[in-house]
Each structure stands twice: as structure tokens, then as C-alpha cells.
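Just so it is clear, none of the values below were taken in a lab; they were calculated from the coordinates. Note that the structure is a prediction, hence the values are computed from the model and not measured. Every residue, glycine as well, gets a Cβ built from its backbone with ideal geometry; the counts of neighbours run over all protein chains shown.
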Amino acid sequence: MSKVSIIIPIYNTEKYLEQCLDSVKNQTLKDIEIICIDDGSTDNSLNILKEYSSKDNRFVVIKQNKEFPHNARNMGLQHATGEYIGFVDSDDWIDLNFFEILYTNAKKQNADIARTTYKYVYEDYDCDSELNPIIIKKYQQNKKLGRNDHSVVIWNAIYKTSFLREKKIDYFDYDLRMFQDDIPFTARVTMLSGKTIPCVGCYYYYRQNREGHLMTLSAKKIEMSLQANIITTNFLNTIKNKISRKEYINAYGRCIGRLDHFFRIYIKTEDNNPDFIKKYLDEYSKIAEKFKCINKYSTLKKFNNNIELLKNKNYELYVYKTTLNKNN
């Protein structure tokens, strides 16, 4: 058993792949397995993977037909034998002490999850994640991270393998094959974790705005983002008696904020699906109504008009009202 299994899904990232693989291969923590899943690449990515695996037996290369990142990660989870599991995207990279810091601290404190800082990397500059100050502050105070002290990214952390499997949360949702499968995953692991700790002294580097980036939005991807947050609200409702009311409301409010945000984008895309809109409005109305009943945050005010319009299924008026509010 290795200390950490690192899962890397790959699809047509030959331009960035060597930087990613070098940052993982040269980790100061040597007892790792590096599970690379080539998701039907049509460029030189698979040949690069074969070259690395021929020189370093810690690399495990798995080839599959194009089945999207969710299934590549699921394949990696099935093959992982490490005490902890981590994820790296093939167009990103990490500090060389990344997994040593995470593993050493997680092991010392017997944590289910160890989470660290990350940066957004653009072509001409980089910037810290909005989560970094929370992680640094909690670390300085020698405190655990709270259940809502996280973003929806999966790769700035390691997860105890036995914890994922005992809680039956070692999977990514099949319905979210193209986009935002990390939202339900991060909710499940964070809400069910017995101990999540902050770590400092290393960074994950999250590359932005590259050509062909998975985050490039389309109507289909936005549909999956909306579905991801609906899955997450349904999950939160199954565990609301196992966490505090404040934690539940905070997590639920974050989901509904994302739902509102992405739907506002969706209704303005040229290739939106009217049938999906009708189906989604029913779900959104139920979710928003529940949030209205359980919470009195001031941020709810911006939803009130929307909820009334959704009840009446007045889609055209909703679009007009949304546009009007944005312009004002």
C-alpha cells in the first residue's frame, strides 16, 4: 500500500502534460502511486504517459474510450490502493512538497481530509483562491476546518481511502459526465468528514483560460451544473439532522446561490433547451421554497420575486425581470 494514490484524468493536454507529470513525479513524498487515465486522447498525450511509465514504475496508465472526467476519476478510484487519495488535473501542477505536507499532517492528526491553498493561474498573472485566508487563519489558530470552509474543487486536498469507502462516497456522479461532478463529491466528503484539517506551505496551481478548457461554458455544461447543485441539495436534505442547523443552512444557501447564478446564464444562451427549462423550474421552485422556509438571510430577498414567477411558470417574465434587475 502506498501512502497516497494520485489520480490524473487526461484528455488532449499534451501541451501541459509534462509540467503536470513532472510536478507529481518529483514529489518529496516518494511512496506514491500515480494513476493516469487517458480518456481517449487524440493528441500525443498517451505516448507521453507511456514514456513516463516506462521510466517510473509508480505510474499506472489506463486507457479508456472518451467517457469524460467523472468516469476517469471513478476508474482511478477503483484502482487506488493508497492510504489517502488525491487528484490532479492534467493541465495543472503542484508544488514539489504538496503531498508530503498534506500526508504528514493528515497522518499526524488522523484526519479524514487535509486541505491546502491554491492559486488561479492566468496567462500573465496568478492570484490566491478566496479560500486561502480561511485555511491560513484556521491553521494559525490550530483549528479544524468547518463543514463550509471549502470550495467545490477536489484537488486541493487528500482524502482517507477508508473514510471514502466506509461512507460509500468514493464515486463521482455518472449523470455529470462533462462538468461539475466535483460539486456533489466535495459536499459529501466535507459534510461527512469527522475531521478536516488545514495545511499551509504548499500550493496547487489551477490553470485558467486555456484553449479547450473544461470550464468553457456551453448550454449542456450549464445544465449539468444545475443538476449537480440539485443533487447536492438532495444530499444535504438526507443529512440535515446529522449536522448543525447553521451548517445546513449555509451549505444549502451556497447551492441555491449557484443555482440562481447558472440559471441566469443559461436562459441567455442561444442553445438552451426549453424542455429542460420547464423541468428545471419545477425543481428550482421546490428548492427555493424550502430555503425560504428554513432561512431568513438578507440574501434571500433577491430570490423572492423569482420564486413567485417560477410558481406561475411565467418564463418570459422571469427572463425580463432577471435582465431588468441586472441592468439596474
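Report ³J(HN,Hα) in whole Hz for each residue of the stretch 44-54, in order, from the Karplus equation J = 6.51 cos²θ - 1.76 cosθ + 1.60 where θ = phi - 60°; Gly and Pro get x.
8, 4, 5, 5, 4, 4, 4, 5, 5, 5, 6
Please find the FRET efficiency linking THR269 to LYS66, where r is the Cβ-Cβ separation and R0 is fixed at 22 Å, and quote it to the nearest 0.05. Mind showing how you got there, number by number?
Working: r = 24 Å, r/R0 = 1.07.
Result of the calculation: an efficiency of 0.40.
Please compute the modelled spin-label separation between LYS242 and ASP22, points set 7 Å along Cα→Cβ, answer in nm with one decimal.
4.4
Let me check the size of the stretch 4-207 from its C-alpha atoms; what are the radius of gyration and Dmax in Å?
According to the Cα coordinates of the stretch 4-207, Rg and Dmax are 15.9, 48 Å.
Pairs LYS107/LYS195; LYS50/LYS168; LYS30/LYS160; LYS143/LYS246; LYS138/LYS246: which are spaced more than 22 Å apart, C-alpha to C-alpha?
Working: LYS107/LYS195 12 Å; LYS50/LYS168 32 Å; LYS30/LYS160 18 Å; LYS143/LYS246 18 Å; LYS138/LYS246 19 Å.
Violating the 22 Å Cα-Cα cut-off are LYS50/LYS168.
Using each residue's phi in the stretch 225-231, evaluate 6.51 cos²θ - 1.76 cosθ + 1.60 at θ = phi - 60° and report the 3J(HN,Hα) Karplus result to the nearest Hz, with x for Gly and Pro.
5, 4, 5, 4, 6, 5, 4
Between VAL200 and HIS79, what FRET efficiency follows from the Cβ-Cβ distance if R0 is 35 Å, with the result rounded to 0.05? List each step's numbers first, then the result.
Numbers: r = 31 Å, r/R0 = 0.87.
After rounding to 0.05, the efficiency reads 0.70.
Skipping prolines and chain starts, which residues have an amide H placed within reach, meaning under 5 Å, of the one on GLY82, given they are 5 or more residues away or on another chain?
Counting only residues 5 or more places away or on other chains, the set is SER2, SER5.
Averaging over every viewing direction, what projected area does the convex hull of the Cα atoms of the stretch 133-260 cover, in nm²?
On the way: hull surface 35.5 nm².
For the stretch 133-260, the mean projected area of the Cα convex hull comes to 8.9 nm².
Give the long-range amide H neighbours of VAL60: residues separated by 5 or more places, or on another chain, with amide H under 5 Å away, using H modelled in the peptide plane at 1.01 Å from N.
Result for VAL60 returns ILE34, ILE35, CYS36.
Once label points are set 7 Å from the Cα along Cα→Cβ at both HIS261 and ASN110, what is their separation, rounded to one decimal in nm?
Placing both labels 7 Å along Cα→Cβ, they lie 3.7 nm apart.
Using a 10 Å cut-off around each Cβ, can you sort ASP39, ASP128 from fewest to most neighbouring Cβ atoms?
Numbers: ASP39 22, ASP128 13.
In order of increasing Cβ crowding within 10 Å: ASP128, ASP39.
Calculate the spin-label point distance for THR42 paired with MET1, positioning each point 7 Å from the Cα along the beta-carbon direction, and give it in nanometres.
About 4.3 nm, to one decimal.
Taking θ as phi - 60°, what are the ³J(HN,Hα) couplings along the stretch 186-194 by the Karplus curve (6.51, -1.76, 1.60), each to the nearest whole Hz, with x for Gly and Pro?
So the J values, rounded to whole Hz, are 5, 5, 4, 5, 6, 5, 9, 5, x.
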